[in-house]
Amino acid sequence: MFRSSGSKTFPMAHEDLIHDVKYDFHGKRMASCSSDHSVKIWDCDEEDQWNCTAAWKAHSGSVWRVTWCHPEFGQVIATCSFDRTAAIWEELLGEQSREGKQSHWVRRTSLVDSRTSVTDVKFAPRHLGLLLATCSADCVVRIYEAHDVMNLSQWSLQHEIQCGLSCSCLAWNPSMFRSHLPMIAVGSDDPSPTAGGKVHIYEYSDANRKWRKVEIISMVTDSVHDLAFAPNFGKSYHILAVASKDLSLFSIKPIGNLGKEPVSAGAISKFDMHRIAEFTEHDSKVWRVSWNVFGTVLCSSGDDGCVRLWKANYMGSWKCIEVMRGNGKRSEQQLEPKTTIVTASNNQNIRLPPPGIMNIKRNSGWPSFSTNADKGKLYY
């Protein structure tokens, strides 16, 4: 059973709905973004207290996502917004936060290629270089590259991936193995029931120098709010977490060489794909998913006001190991999954006992996004 060392709450002082909160690589800094158009940076001091060390108006519309770059490239974040732009921000050297003082962040560039709201932004894994992927409601994933890491004001558009569906989120595969080609998963919130699978998988081919769609997860037909690949650490397959109406885990295994040999030039990868777990414990929409550094523990949050931790046992059966309420207190709910589909390595379903306490579903009617501050605005 997981036991936390304690939790702390502190006011984030945003004036509207907070859409995203991200830790940096070392877990000592956080960035938050909100519908109040602002971004805030938080630093953890020696007494484990979180203090706001920077706050600024980042966009002229709701800020949907924020993400940290690998520290090898400096203290850099990217944001995306309802105002149709993504932005790169860098902390100026020599302006690190001190007692009673704030650090200073500057906008290095704005990426203005999207015709609609930019819904997600993610830096690529470090081994791929300084790449940034954005996705938009205009059904396009765009990948930018900074050729000179010392000049973050110059970013060139390298690729445009036409997805055919309105894009809501994306995730890079962090695998560093030579046999695993660069991979991106893209989620959609397209409301059409005839749109088909809402998760598309793309791979980059060096031979063709372009991104190609290799898989569609047809089992996901509800709007997708977040995606996250588990760190690989030697596995010959990938695990993808999908946050939608519920929480699902998918195993994506290369067919043929099982990932032991590189894919031949120009060949399209084939995958054996299975849903290895499906959880409805949130009893509401699941909004965010995140893995620990080893890819062994998954964290999810949903409209039920709870954060849940999931872990697999030695048989590959996933189980909830901890439930934390929004106030930071441990939930007294039983932790056995209520309705779980688990597929072990032999592809046999395993039934787990149901709990005796149902989750409490929040009925506040909170919308998907808060755009009150953006009503009546036009962006050109």
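If you bin the C-alpha pair distances of region 74-212 every 5 Å from 0, what whole percents do you get? It works out to 2, 10, 18, 20, 18, 14, 9, 5, 3, 1, 0, 0, in whole percents.
Annotation: for a label point projected 7 angstrom from Cα along Cα→Cβ of ARG212, residues of region 222-254 with backbone N closer than 16 Å are 254. Spin-label point model (7 Å from Cα, Cβ direction): what's the GLN158 to PHE10 distance in nm? Label at GLN158, label at PHE10, 3.6 nm between them.
Take peptides 144-151, 52-59 and line them up by average Cβ neighbours within 10 Å, highest first, as a rough protection proxy. Walk me through the numbers before you get to the answer.
Numbers: 144-151: 13.9, 52-59: 18.1.
Result, highest mean Cβ count within 10 Å first: 52-59, 144-151.
If each residue of separation counts as 0.36 nm, what is the full-extension length gain between ARG275 and GLU46 once their alpha-carbon separation is subtracted? Can you show the working numbers first?
Details: separation 229, 0.36 × 229 = 82.44 nm, distance 4.26 nm.
Extra length available between ARG275 and GLU46 comes to 78.2 nm.
As a calculated quantity, the FRET efficiency between HIS26 and LYS329 at R0 = 22 Å, using C-beta atoms, amounts to about 0.25.
With the cut-off at 29 Å, tell me which of the pairs LYS57/LYS213; LYS28/LYS213; LYS28/LYS57; LYS210/LYS253 have Cα atoms farther apart than that. Provide the component values of the computation, followed by the final result.
On the way: LYS57/LYS213 37 Å; LYS28/LYS213 37 Å; LYS28/LYS57 23 Å; LYS210/LYS253 22 Å.
Check vs 29 Å cut-off fails for LYS57/LYS213; LYS28/LYS213.
Mind listing which GluC sites (Glu not before Pro) in region 269-333 are in a DSSP loop and have 11 or fewer other Cβ atoms within 10 Å? Before the final figure, lay out the partial values.
Numbers: sites: GLU278, GLU281, GLU322, GLU332; in loops: GLU281, GLU332.
The qualifying sites are GLU332.
At R0 = 30 Å, how high is the FRET efficiency between HIS147 and SER60 if r is their beta carbon distance? Nearest 0.05 is fine. Once the sixth-power term is evaluated, E becomes 0.55.
Solvent exposure of region 93-208, expressed per residue, is 46 Å² of accessible area, with all protein chains present and a 1.4 angstrom probe. The protection proxy used here, the mean number of other Cβ atoms lying within 10 Å of each residue, ranks peptides 14-24, 216-226, 128-138 as follows, highest first: 128-138, 216-226, 14-24. Determine, at each q value in 0.21, 0.25, 0.30, 0.31 (inverse angstroms), the log₁₀ of I(q)/I(0) that the Debye formula gives when each Cα of region 128-176 is one equal point scatterer. Each listed q corresponds, in turn, to -0.78, -0.95, -1.08, -1.11.
State the extension gain, in nm to one decimal, for the chain segment bounded by ILE18 and SER290, taking 0.36 nm per residue of separation less the distance between their alpha-carbons.
Values: separation 272, 0.36 × 272 = 97.92 nm, distance 1.71 nm.
Here the answer is 96.2 nm.
Hey, any idea what % of region 15-111's accessible area is carbon plus sulfur with a 1.4 Å probe? List each step's numbers first, then the result.
Details: 2010 of 4420 Å².
So the carbon and sulfur contribution to the accessible surface is 45 percent.
The values are calculated or read from the model by the stated rules, or taken from the named source; none is laboratory data. Nothing here was measured: the structure is a model prediction, and the numbers come from that model. Heads up, the Cβs are rebuilt from the backbone with ideal geometry, glycines too, and the neighbour counts pull from every protein chain shown. Side chains included, ligands, DNA and RNA excluded: accessible areas come from the protein's heavy atoms. Shrake-Rupley method; radii C 1.70, N 1.55, O 1.52, S 1.80 Å.
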